[in-house]
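Have a look at the structure below, then the notes.
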Number of protein chains: 2
Amino acid sequence: MNSKNLYLVDVTLRDGSHAVKHAFTEEQIRVVARSLDQAGVKFFEVSHGDGLGGSSLQYGLSFVNEMKLIEAAVDECRQSEVSVLLIPGIGTKDHLDEAAKLGAKMVRVATHVTEADVAQQHIQLGRELGLKTAGFLMMAHMAPVDKLVQQAKLFESYGAEIVYIVDSAGTLLPHQVKDRTAALRQVLTCDIGFHGHNNLSLAMANTIEAINEGATYVDGSLRCLGAGSGNTQTEVMVAVFERLGFLTGIDLYPIMDAANGVAAQIMQRPQEVTGTSLIMGYSGVYSSFLLHTQDAAKRFGVDERDILVELGKRQAVGGQEDLIFQVAAELAN
Amino acid sequence: MNSKNLYLVDVTLRDGSHAVKHAFTEEQIRVVARSLDQAGVKFFEVSHGDGLGGSSLQYGLSFVNEMKLIEAAVDECRQSEVSVLLIPGIGTKDHLDEAAKLGAKMVRVATHVTEADVAQQHIQLGRELGLKTAGFLMMAHMAPVDKLVQQAKLFESYGAEIVYIVDSAGTLLPHQVKDRTAALRQVLTCDIGFHGHNNLSLAMANTIEAINEGATYVDGSLRCLGAGSGNTQTEVMVAVFERLGFLTGIDLYPIMDAANGVAAQIMQRPQEVTGTSLIMGYSGVYSSFLLHTQDAAKRFGVDERDILVELGKRQAVGGQEDLIFQVAAELAN
């Protein structure tokens, strides 16, 4: 087996924000950041779960201003570098400017898989600021392969150094990740990344498929802390990759200590695959629809699973929350 | 994609016994059995975690006699059939005889991967009793592929109708499962099964690999309830298989209700991949070594992970518990 050099980007302090209702304290950020740094993680991400500027009534208010958290994380770094997530429309160029001034060294500019074109100026700003700059194609299952390829090429044309396939709903199957990664590898010259969620217990399988087809950046979180059923488990990836000959530069015991000694302390609940997260993975619906769906299920006396499955069939996307009540009403009849 | 007909054997009430310290009550068995039966599960297993006769100081005393539990499970079945596990040396032919009288319809006779020859009379008895009879090759990673093939052929020659690759320590990687299943498929005429554990977050990936190479019997447990990090998650398999075109005859919502409404109530802890279970998967050491290893780590002031990794390198097997203290002493020097 040939060895491969990989970058594992840990998202405990960004995607994990969803799992703790955006309540990270500065001290929590510091201890996790320190433990990631000591374990040899090259990049880890710190932002509101929905990216810079996400703190709001709509997406959930942060307990501590994320800029303060980014500053604290940077302060703990001896060898790691801090990444931030930016979803244009939620975060702005000003947010990115500020994060860069505070010492962030990487930005991942995220859009819905069919909307890369809204990110051109943010990608360009990332490059101008001297950041490692990536495009992040969320809900990647909602575009056919050729559309995904087209959007990835857009990101590359704007200057993205990495384009990520982002399985936001944890719904892609291994052969789908394989096909998507292989298609991108054929046409892109920049690096390829994969960000998985575990709603179908397939995050690790999908990550391995992506790597085998040429992805070199892969996301994980300690103890899976993240949205839905959580992310690919960072410390487990380090163990599995060692056995597969994939090199991350991360030491196994220290990253295990970061997970079980540090991150475990800040978890509010275990990251299991339960009923709701399973149905979201099964139907390909993102977690932001969940609360409205539960409301609608109660109001119309229908099974919330039926609503989610129907929303998945209709390829509902963020902003179409009204559709939830429409579907519930139809199912009730 | 071609559809495939599969048998999903649920082991919540057998492997899950490890996860509740063998404390299942008759009422717990009844409610889980009923929910599995209603969801359309063809076979589910009921026995002490270490198989018939496992209740002992060495393996852990059962709270309720397993024969009583088997009888209760059979009583709840309208369409399902009850399987039992038998490890020769722990259980006897008398145990199997009794279980069959109580209505068990399947037996899986389990041996260490290199010791199928101890099971000849038990396989033959299973067939004589009219049970669906399988051979269960535990710790399958500890034999090279040709040895595994040879042992599987022994099982088949004794009359086994299914031979299982059993990844007891949750340590096999997807390509290893693929190679092993393909090798068995080439030489066996009987059915092939796969039993996975999730210590490396690969149980689902490995199960899919096995099916793609010809396995038609796969094990799972509700909410992963089982030894180590638990088993492949039954209800998640049903969802994933539906998307892959694999047919199990199990209905998704009822099996989810069995998991999240019923099994979740009897869990003592979530089935996460934590430090200890990860190292067992990483090093290929079975969970029965764990308590002694923790004792030895304390006594000699060494990291229990180092002991487990070294035991894995030396291919330690059950019965060699003295080796644990020897390794700890060596590491301390």
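The values are calculated or read from the model by the stated rules, or taken from the named source; none is laboratory data. Remember, predicted model here, so these are calculated numbers, not experimental data. All Cβ positions, even for glycine, are placed from backbone atoms using ideal geometry, and neighbour counts span all protein chains on display. In case anyone asks, the SASA skips ligands and DNA or RNA and just uses the protein heavy atoms, side chains included. Shrake-Rupley method; radii C 1.70, N 1.55, O 1.52, S 1.80 Å.
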| query | Shortest first and in nm to one decimal, what separations exist between residue B:114 and its copies in the other chains, measuring from label points 7 Å along the Cα-to-beta-carbon line? | reply | 5.9
| query | Alpha carbon centre of segment B:5-38 versus segment B:121-183: separation in Å? | reply | 23
| query | What percent does the relative contact order of segment B:275-332 come to when contacts are Cα pairs within less than 8 Å and at least six residues apart? | reply | 40
| Which entries of B:21/B:68; B:147/B:178; A:101/A:153; A:105/A:178; B:68/B:132; A:42/A:313 show an alpha-carbon separation above 27 angstrom in the structure shown? | A:101/A:153; A:105/A:178; A:42/A:313
| query | Once the other residues with Cβ under 15 Å from the Cβ of residue B:333 are scored (Lys, Arg +1; Asp, Glu -1), what is the net sum? | reply | -3
| Residue-averaged 222 nm ellipticity for chain B, from DSSP H runs of 4+ at -39500 (n - 2.57), nearest 500 | -12500 deg cm²/dmol
| query | Which three semi-axes in whole Å describe the equivalent ellipsoid of segment A:275-332, each the square root of 5 times a Cα gyration tensor eigenvalue, listed largest first? | reply | 15, 12, 10
| field | Convex hull volume per residue in cubic angstrom - Cα atoms of the protein assembly as shown | value | 149
| Expressed as an acute angle from 0 to 90° and rounded to the nearest 10, what is the orientation of the C-alpha long axis of helix A:290-300 relative to the principal long axis of chain A? | 10
| task | Grab the beta carbon distance between residue A:243 and residue B:63, set R0 = 51 Å, and tell me the FRET efficiency rounded to 0.05. | result | 0.85
| field | Label-to-label distance, nm, for residues given as residue A:329 and residue A:157 (7 Å Cα→Cβ offset) | value | 4.1
| Cα-Cα pairs of chain B separated by more than 34 Å (percent) | 17
| remark: By the mean-Cβ-within-10 Å protection proxy, highest first, B:284-296, A:288-300 rank as B:284-296, A:288-300
| D (Stokes-Einstein, µm²/s), Kirkwood Cα radius, segment A:176-246, 1.002 mPa s at 20 °C | 175
| field | Value of relative contact order over chain B, rounded to a whole percent, pairs C-alpha under 8 Å and six or more apart | value | 17
| field | Nm distances between copies for residue A:103, ranked from closest, using label points 7 Å along Cα→Cβ | value | 6.7
| Angle in degrees between helix A:174-187 and the longest Cα principal axis of chain A, rounded to the nearest 10 | 60
| task | List the distances, in nm to one decimal, from the label point of residue A:157 to the label points of the same position in every other copy, shortest first, placing each label point 7 Å from Cα along the Cα-to-Cβ direction. | result | 6.6
| request: Would you kindly calculate the mean projected area, averaged across all directions, of the convex hull enclosing the Cα atoms of segment A:124-219, in square nanometres? | output: 5.4
| message | At a cut-off of 50 Å², which residues of segment B:281-304 become less accessible once all protein chains are present than in their chain alone, using a 1.4 Å probe? | response | B:282
| note | The distance between the Cα centres of segment B:260-326 and segment A:191-215, in whole Å, is 28
| request: Quote to one decimal, in nm, the extra length available between residue B:253 and residue B:299 on full extension: 0.36 nm per residue of separation minus the C-alpha distance between them. | output: 11.6 nm
| request: Tabulate in residue order the Karplus-calculated ³J(HN,Hα) for segment A:188-198, using 6.51 cos²θ - 1.76 cosθ + 1.60 with θ = phi - 60°, rounded to whole Hz; enter x for Gly and Pro. | output: 8, 9, 6, 6, 10, x, 9, 10, x, 10, 9
| note | What the Cα atoms of segment B:209-333 span along the principal axes, largest first and in whole Å, is 56, 36, 21
| task | Rounded to whole Hz and in sequence order, give me ³J(HN,Hα) for segment A:72-89 from the Karplus expression 6.51 cos²θ - 1.76 cosθ + 1.60, θ = phi - 60°, writing x for Gly and Pro. | result | 5, 5, 4, 4, 7, 7, 9, 10, 7, 10, 9, 9, 10, 9, 9, 9, x, x
| message | Can you give me the long-range amide H partners of residue B:81? Hydrogens built in the peptide plane at 1.01 Å from N, cutoff under 5 Å, separation of 5 or more residues or another chain. | response | B:43, B:44
| request: Provide the solvent-accessible area of residue B:97, counting protein heavy atoms only and rolling a 1.4 Å probe, rounded to the nearest 10 Å². | output: 50
| query | Using a Förster distance of 60 Å, how high is the FRET efficiency between residue B:145 and residue A:120, based on the Cβ-Cβ distance and rounded to 0.05? | reply | 0.70
| task | Let me know the shape class of segment A:12-153, please: from the alpha-carbon gyration tensor, a ≥ b ≥ c as square roots of the eigenvalues, rounded when a/c is under 1.5, otherwise prolate if a/b is greater than b/c, or oblate. | result | prolate
| field | Hz values of 3J(HN,Hα) by residue in segment A:303-312 - Karplus curve (6.51, -1.76, 1.60), Gly and Pro given as x | value | 6, 4, 5, 5, 5, 4, 5, 5, 4, x
